[in-house]
Amino acid sequence: MHFIAITTAKQHLRIDHDDDSELIKLYLAAAESYTESVLGQSLQVGVKAWDETARAAIQTAILLMLSSLYESRSADQTQEQYQNRAYMALLTPYRKNMGI
């Protein structure tokens, strides 16, 4: 089960067809998995502790990651995929065990 519905993901990507649905599901799973590693906790566990503001920030970060993955499908990408300042700014307040 995804933290974000596929319909929400497609709306964010402005896609109104089903041609790329399986690809979007794959990228959504990857974005959610990566976000869990950045947060240091499971999305399914964390959601119980997060307020509405936190959930909105985390969902927005996942959608940013999804957009990056979907729009940058080419193997010829030269920039790092996950160096998105907005993505990190949205997630940083909710990270666990960050250390100093």
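Run down Y82, Y34, Y94 and say which single residue is at pLDDT below 90 and either within 16 Å of the chain's Cα centre (by Cα) or charged (D, E, K, R) (or both). Spell out how you get there, then give the answer.
On the way: Y34 fails: at pLDDT below 90; Y94 fails: at pLDDT below 90.
On inspection, the qualifying residue turns out to be Y82.
Is the range 41-52 home to any residue that is farther than 23 Å from N97 by Cβ and surrounded by fewer than 13 Cβ atoms within 10 Å (Cβ to Cβ)? Show your work before the answer.
Of all residues in the range 41-52, those farther than 23 Å from N97 by Cβ come to 52.
If we keep only those that are surrounded by fewer than 13 Cβ atoms within 10 Å (Cβ to Cβ) too, we end up with 52.
There is at least one residue in the range 41-52 that is farther than 23 Å from N97 by Cβ and surrounded by fewer than 13 Cβ atoms within 10 Å (Cβ to Cβ).
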*Contacts under 6 angstrom Cβ, first residue in the range 1-15 being closer than 9 Å to L63 by Cα, partner aliphatic (A, V, I, L, M), 6 or more apart*: I4/I62; A9/I24; A9/L28; A9/L66; H12/L63
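Kindly state which helices (runs of 4 or more DSSP H) lie completely within the range 1-74 and contain at least 2 residues that are among the charged types (D, E, K, R) and out of contact with any His (no Cβ under 7 Å at 6 or more places or on another chain).
Details: elements: 6-13, 21-39, 43-46, 52-71.
Those helices (runs of 4 or more DSSP H) span 21-39, 52-71.
Of the residues A61, A49, A75, which single one is among the aliphatic types (A, V, I, L, M) and at pLDDT 90 or above?
On the way: A49 fails: at pLDDT 90 or above; A75 fails: at pLDDT 90 or above.
The unique qualifying residue is A61.
The values are calculated or read from the model by the stated rules, or taken from the named source; none is laboratory data. None of the values given here were measured: they were computed from a predicted structure. Ideal geometry is used to build each Cβ from the backbone, glycine not excepted, and the neighbour counts take in all protein chains shown.
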